[in-house]
Amino acid sequence: MKSEEAQLIEACIRRDERACRQLYERFAPKMYGICLRYTHSTAAAEDVLHDGFIKVFENLGKLRATDALGSWICKIMVYTAINSQRNELPLASCDVVDEVKNRDYASSDEIYAKIDAEIVVNAMRDLPASFRMVLNLCEVEGYSIEEVSKMLKVKDSTVRSALTRAKQMLAKKLKSEML
């Protein structure tokens with residue numbers, strides 16, 4: 001007996017509209033949130049979501065039985081978002097990690113404890129695309145520096161630098177929001 005998810009996948013592969021709609025409705029809300037983290041606007045997030053689901057439906061036949069459907073769809077959305085933002089990713093100029101000046105970790109920790117998720121998401125959305133992308137991939141999605149450097153086709157040091165700068169910019173933005 002096949003699982004409900006396996007039956008849904010098979011129906012989608014057969015292009016059953018009801019099954020495709022069910023799959024979309026099941027995963028779209030979470031995937032939209034992921035798309036929002038990587039884009040600069042709701043319209044751009046909707047475009048990425050749309051393009052991502054086209055790729056999902058085109059490639060469902062390639063899904064291995066060992067892959068978790070939700071994780072597989074998430075990975076497609078992340079790669080779709082990266083590709084959609086590629087023109088906005090001037091990471092090549094970030095090869096050297098800057099000295100971090102005027103760090104105030106004690107007060108930052110206090111501020112972070114008081115911040116709700118919406119403030120963080122909005123602050124992240126204001127980051128330049130390249131920094132937002134690296135911060136999302138490393139800190140939100142949990143990819144390693146090496147994995148992100150391969151995804152973005154840049155050096156590890158570039159990713160480290162961008163991540164450091166993104167964290168600095170985010171901390172500064174959050175600190176100003178809380179004051």
Quiz item: Out of all the residues in segment 103-126, is one or more part of a loop (DSSP other than H, G, I, E, B), under 16 Å from Cys35 (Cα atoms) and either modelled with pLDDT of 85 or more or not assigned by TED's automatic domain parsing to the domain that holds Ala45 (or both)?
Solution: yes
Practice problem: Name, by its number, the condition in (1) crowded, with 16+ Cβ neighbours inside 10 Å; (2) modelled with pLDDT under 90; (3) not assigned by TED's automatic domain parsing to the domain that holds Met169 that does not hold for Leu60. | Solution: (2)
Exercise. Could you tell me whether Ser71 is closer than 25 Å to Pro128 by Cβ, modelled with pLDDT of 65 or more and under 20 Å from the mean Cα position of the chain (by Cα)?
Key: no
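The values are calculated or read from the model by the stated rules, or taken from the named source; none is laboratory data. Please read these numbers as outputs of a predicted model, since none were measured by experiment. All Cβ positions, glycine included, derive from the backbone under ideal geometry; neighbour counts span all protein chains shown.
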